[in-house]
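Worksheet for the structure shown next.
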Amino acid sequence: MPNFKAPIKTKWLKVTTTPQTLIALSDAVQWNAHFLPGKPRSFRCSGSPCPLCIQGSIPTERYVLLVENSAGRAYFLELRERHRATLMDWARKNTRDTVAGAVFTIKKRWHHRNAPVDVELQYIAERKEIPIAHFVNSLGADPRQQTLSEGSER
């Protein structure tokens with residue numbers, strides 16, 4: 001039997017009310033997700049024609065980037081659509097038109113699961129960009145799975 005590598009566990013940054021300083025190792029990659037009540041995971045919006053959009057579910061924008069903390073540990077960070085203008089501003093300030101190299105602080109405003117997250121740019125550092133688009137494209141279940149599972153429960 002072949003010697004397969006163990007699966008890699010994806011580590012996501014947990015943002016708290018304690019400010020953290022991070023550096024972006026990748027550019028921010030957008031993906032659009034549907035969240036359905038009672039479902040344990042999100043569904044990727046497949047664009048036109050998306051079965052969940054047709055059912056009236058409105059997708060939300062998400063932005064994923066790879067970041068490194070002050071201890072040198074790398075994590076994926078997901079930001080909301082309210083951060084789009086901030087990320088675009090950071091990319092404009094970078095001579096390479098990317099958020100990679102942005103050193104910023106991040107914190108939640110209060111201790112609630114859905115509390116707003118504030119990010120503030122400190123400076124832009126020279127940093128080689130790590131591509132993550134392939135990973136981001138794998139996020140979220142296929143919305144057709146939702147349609148199939150509903151039909152199979154009847």
(request) Could you please give the count of residues in segment 72-100 that are assigned to a loop (DSSP other than H, G, I, E, B), open to solvent by 70 Å² or more (accessible area, probe 1.4 Å) and either modelled with pLDDT of 95 or more or on the phi < 0 side of the Ramachandran plot (or both)? (result) 3
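The rows are residues; the columns are (1) in a loop (DSSP other than H, G, I, E, B); (2) over 14 Å from Ile106 (Cα atoms); (3) touching a residue at least 24 places away in the same chain (Cβ under 8 Å); (4) of a type in the set (Gly, Ala, Ser).
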position: Thr18; (1), (2), (3), (4): yes, no, yes, no
position: Ser26; (1), (2), (3), (4): yes, yes, yes, yes
position: Ser46; (1), (2), (3), (4): yes, yes, yes, yes
position: Val64; (1), (2), (3), (4): no, yes, yes, no
(request) State all residues of segment 113-127 that are open to solvent by 100 Å² or more (accessible area, probe 1.4 Å) and either in contact with a helix residue (DSSP H, G or I) (Cβ under 8 Å, 6 or more places away or on another chain) or not in a strand (DSSP E or B) (or both); if no residue qualifies, say none. (result) Arg113, Asn114, Glu126
(request) Kindly provide the set of residues from segment 94-106 that are over 16 Å from Leu66 (Cβ atoms) and in contact with a strand residue (DSSP E or B) (Cβ under 6 Å, 6 or more places away or on another chain), ordered by number. (result) Thr105
(request) Kindly indicate whether Thr10 is surrounded by 10 or more Cβ atoms within 10 Å (Cβ to Cβ), under 30 Å from Ile124 (Cβ atoms) and modelled with pLDDT under 90. (result) yes
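The values are calculated or read from the model by the stated rules, or taken from the named source; none is laboratory data. Because the structure is predicted, anything quoted here is derived from the model rather than measured. Don't worry about glycine lacking a Cβ; one is built from the backbone with ideal geometry, like all the others, and counts go over all protein chains shown. In case anyone asks, the SASA skips ligands and DNA or RNA and just uses the protein heavy atoms, side chains included. Shrake-Rupley method; radii C 1.70, N 1.55, O 1.52, S 1.80 Å.
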